[in-house]
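All of the numbers you see were taken from the coordinates with simple rules; none came from a lab. Bear in mind the structure is a predicted one, so any value in this text is a computation, not a measurement. Glycine also receives a Cβ, built like all others from the backbone with ideal geometry; neighbour counts cover every protein chain displayed.
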Amino acid sequence: MKLSRGIFLFFLTLVFASTAFAAEFSDNFDDQKLDPNYWSVIESDHGSLQEVGGGVDMYVPNGISGFTGIASKCQVVGDFDIQADFELTTFNTYWSSASLQVQSADKKNQALIYVSISKDSKRHYESPYIKDGVQRMPFGYYTPDLWAPVNEFDGLKNGKLRLVRQGSQITSYYFHNDEWQHLTTNDVFDQPGTVSLSIAGSMNNPTVSVIWDNYSAKSGQLSGCEEPTKTVAIEVRHSINPRNKGVIPVVILGTADFDATTIDPGTVLFGKTGIEAAAVKSNFTDVDSDGYVDLLVHFKTEESGIQCGDKAVHLTGTTFDQKKIIGTDSIKTAGCQQCKKSVRKRAAI
Ligand SMILES: [Ca+2]
Ligand SMILES: [Ca+2]
Ligand SMILES: [Ca+2]
């Protein structure tokens, strides 16, 4: 019995070793491109979407029963806490909705929370779910705010949706009056799940458009996708002489949205491809005096793999909480004419 459990755990480790990691995945949708490593467009029936203006802008045109959305490539495994912000930019009709959903791979189980506007112009949240292929009755809640057409109430266009799983219990929350409001808790499923953000508009309704932002998924594990990496700014401040026996100082810059002190200096590698040299010296200091602490690291030139004529260098590393970082900078090599001359001289002899 013990042996078979050991073998099972061993294979489980093999299955998950290549793709699963304990992590928080987040996307602020700020780089104008929906990253294909992390998202796919699930279905776009008359709707359209794009990452633009700092969010994912989804749109279903006037008078059409339509749908559009994105699904995560990462599957959430085990307990999770998933959140996303929405902005209802054009949205004033019943039977239109913006949904956060998590679904098992076999699609037999799913939990979702959605926001819509009721006939009496109130914001309305519901949290139906499907278990073993059977749709369960939703539990709905009308916010006490009187909700006239959304465009007249700028402050109320924005909101947040959240799904939390513990074991097989999934709880839905929406954000109201400055705190998370519990909507419903149901026994749904404990298998890995794919997360989606979507909108729907129904026939005879005006345009529906919603912007999603600040997605985050904390999960026991994430699997089936590339491990998210944070791109950091690095600076190599001098030209590099590949024949030099000295060290190359590299600054990893702290910024308003990256705290350089979270980097574990022992994990940082640098060079031609970013995996060559380990740091021989490191210290946290504000190198450029901008008020953000930077990490200054030194690498041995001879270990960096940099050759005459190389135009870029790369750096990789991990934060103390296991998030991967990557950085790249352009460089100039120096002392290389000398190399060529001495090679030619030797060749002539
Ligand atoms: Ca993006
Ligand atoms: Ca954003
Ligand atoms: Ca700094």
Given the rule -39500 (n - 2.57) for each run of at least 4 DSSP H residues, summed and divided by the residues of the chain, what is its mean residue ellipticity at 222 nm, to the nearest 500 deg cm²/dmol?
-> -2500 deg cm²/dmol
The chain, Gaussian network, Cα under 10 Å: of Thr273, Thr194, Thr207, the residue fluctuating most is Thr273
The chain: most fluctuating residue of Val195, Val115, Val293 per GNM, C-alpha cutoff 10 Å = Val293
Rg ratio (alpha-carbon, reference 2.2 N^0.38 Å) - the chain = 1.27
Listed residue pairs exceeding 24 Å between alpha carbons, taken from Lys73/Lys311; Lys73/Lys157; Lys73/Lys324; Lys119/Lys157 = Lys73/Lys311; Lys73/Lys157
When the chain is fully extended, how far beyond the present Cα-Cα distance does Phe284 get from Thr229, taking 0.36 nm per residue of separation?
-> 17.7 nm
Rounded to the nearest 20 debye, dipole of the chain from Cβ charges on Lys, Arg, Asp, Glu | 1880
Amide H contacts under 5 Å for Thr333, restricted to residues at least 5 apart in sequence or on another chain and with H modeled in the peptide plane, are Ile240, Gly309
The simple spin-label model distance between Val52 and Asp132, using points 7 Å out along Cα→Cβ, in nm, is 4.6
Given 0.36 nm per residue, what is the gain on full extension from Glu24 to Lys119 after removing their alpha carbon distance, in nm?
-> 30.4 nm
Extension gain, Gln166 back to Trp95 (0.36 nm per residue minus Cα-Cα distance, nm) | 22.5 nm
Helix axis angle, 336-348 relative to the chain longest principal axis, alpha carbon, degrees | 50
Please tell me which of these pairs span more than 29 angstrom C-alpha to C-alpha: Lys33/Lys108; Lys33/Lys272; Lys108/Lys323; Lys218/Lys300; Lys107/Lys218?
-> Lys33/Lys108; Lys108/Lys323; Lys218/Lys300
Among Ser26, Ser172, Ser198, residue whose mean-square fluctuation peaks in a GNM of the chain (springs only between Cα atoms under 10 Å) | Ser26
Among the aspartates and glutamates, which have Cα under 17 Å from the Cα of Lys131 when same-chain residues fewer than 8 positions away are ignored?
-> Asp106, Asp187, Asp190
Give me the angle, in degrees from 0 to 90, between the Cα long axis of helix 2-17 and the longest principal axis of the Cα atoms of the chain, rounded to the nearest 10.
-> 80
